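The values are calculated or read from the model by the stated rules, or taken from the named source; none is laboratory data. This is a predicted model, so every value here is computed, not measured. Backbone-built Cβ (ideal geometry, glycine too); neighbour counts: all protein chains shown. The area values use the complete protein model at the heavy-atom level, side chains included, leaving out ligands, DNA and RNA. Shrake-Rupley method; radii C 1.70, N 1.55, O 1.52, S 1.80 Å.
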Amino acid sequence: MAEIVDLRSDTVTRPTPAMRKAMAQAEVGDDVYREDPTVNRLEERAAEILGREAALFVPSGTMGNQTAIRVHTDPGREVICEERSHILNYEMAMMSAFSGCLPRAVRALDGILTWPAIAGEIRGRSEHHARTGLISLENTSNLTGGTVYPVEVAEEICDRAHQAHVPVHLDGARIFNAAVYLGESAAAISQNFDSVMFCLSKGLGAPVGSVLVGSQEFIEEARLVRKMLGGGMRQAGVLAAAGLVALEEGPKRLHIDHENARFLAEALSEMPGIRITPAKVVTNIVTFDVGGTGLTAAEIAKRLTAQNVLTLAFSPTILRMVTHYEVDRTGCERAIRALRDAVGRAARQTVH
Ligand code: TLP
């Protein structure tokens, strides 16, 4: 049986031998007492790399984002975010359930919000409307195919929001992918945000964990919220050790994932019934519309699974493939052959 080509997500990456070694040798202590030297080292290093005062290790990106929302807002506020953002669609309505906020969703081309799109949605003190408590951007934007904020667009949003006394959070789950594409440092592309969450457990390859960064004061508050959510993790140094390897080594090879994603996109664009613009695939996420094949995304995913190629159906017509270090060029070629077969068969069935 052929090996599995798992393109469902970059979250499926398993720890590298270097990570496993670091985990086995990690010095640990009780992190709730701030006594885990490896967690402390990861937090110091993350703050340094992102150019911030402080950082907090959290078990997941979801906890990082929702902790930030809770710290930045009060109940009864609105959170401006893109219509397809992860905080709105994939985080169990936690901004409402936990922070008492309403999302104010704005749709933007390729998921990239601009200040003109946001400006009219900002609400101040009023006897009728909920006040805007936070703006949250996502870079890269997952559901729109790993698209990237131009630096000046994000900067304008942050500057203008601050003039309106509204904080801005960055869901930077894949900020290092964005940085690699832009040829800038992660610090440079996120310096104006009030807080940034990034994931160690996606393309960087760590088994578990994300980091929230910001000012000392913000992180002190976030530490309390993390505890409320049950995220005080005790001897978490075994996880932080893998996170440190991910942070130092992971970003160096992300350009390979981006090249493989573009390779997939080019091949997909030539298949009947599939719609994708390869030039828009600039990081490691490939989303494409399969509506023209006569099959649903779920049906295609099922056919691919039968050939040991795993993908994710995002909607009835949108299928997603994500590249990462456990899928090489040969794996991508196998995925293309399997998809050609699945779609080709559909086309033949339509003719008869
Ligand atoms: N994204 C996952 C799924 O939840 C969709 C994936 O496979 O892409 N922000 C963004 C932009 C994300 O893509 C994700 C995970 C998160 C936050 C949440 O991270 P975790 O899964 O660690 O809670």
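From the list Ala246, Ala335, Ala298, Ala261, the lone residue that is part of a helix (DSSP H, G or I), under 24 Å from Leu143 (Cβ atoms) and without any contact (Cβ under 8 Å) to a residue 40 or more places away in the chain is Ala298. Considering Leu312, Leu304, Leu264, which residue is in contact with a Lys or Arg (Cβ under 6 Å, 6 or more places away or on another chain) and either buried (at least 22 other Cβ atoms within 10 Å of the Cβ) or at pLDDT 95 or above (or both)? Selected residue: Leu312, the only one of Leu312, Leu304, Leu264 that is in contact with a Lys or Arg (Cβ under 6 Å, 6 or more places away or on another chain) and either buried (at least 22 other Cβ atoms within 10 Å of the Cβ) or at pLDDT 95 or above (or both).
Exactly one residue out of Leu224, Leu239, Leu200 is touching a strand residue (DSSP E or B) at 6+ places or on another chain (Cβ under 9 Å), open to solvent by 10 Å² or more (accessible area, probe 1.4 Å) and either aromatic (Phe, Trp, Tyr) or more than 18 Å from Cys158 (Cβ to Cβ) (or both), and it is Leu239.
Kindly indicate which of Val166, Val151 is away from the ligand (no atom under 16 Å from the Cβ), among the aliphatic types (A, V, I, L, M) and closer than 30 Å to Asp289 by Cα. Break it down stepwise before answering.
Details: Val166 fails: closer than 30 Å to Asp289 by Cα.
Of the residues listed, the single one that is away from the ligand (no atom under 16 Å from the Cβ), among the aliphatic types (A, V, I, L, M) and closer than 30 Å to Asp289 by Cα is Val151.
The criterion of at least 1 residues that are in contact with a helix residue (DSSP H, G or I) (Cβ under 7 Å, 6 or more places away or on another chain) and open to solvent by 40 Å² or more (accessible area, probe 1.4 Å) is met by the following helices (runs of 4 or more DSSP H) wholly inside segment 37-107: 37-50, 61-72, 94-97. As a summary of the residue check, Gly214 satisfies the conditions (1) in contact with a strand residue (DSSP E or B) (Cβ under 8 Å, 6 or more places away or on another chain); (2) within 23 Å of His169 (Cα to Cα); (3) open to solvent by 20 Å² or more (accessible area, probe 1.4 Å) except for the one numbered (3). Residues of segment 134-148 that are more than 12 Å from the ligand (Cβ to nearest atom) and open to solvent by 10 Å² or more (accessible area, probe 1.4 Å): Val148 alone. Among the residues of segment 38-51, is any more than 18 Å from Arg226 (Cα to Cα) and of a type in the set (A, V, I, L, M)? Within segment 38-51, one or more residues are more than 18 Å from Arg226 (Cα to Cα) and of a type in the set (A, V, I, L, M).
Evaluation of Lys252 against the conditions (1) among the basic types (Lys, Arg); (2) within 19 Å of Glu3 (Cβ to Cβ); (3) open to solvent by 60 Å² or more (accessible area, probe 1.4 Å) shows that the sole unmet condition is (2).
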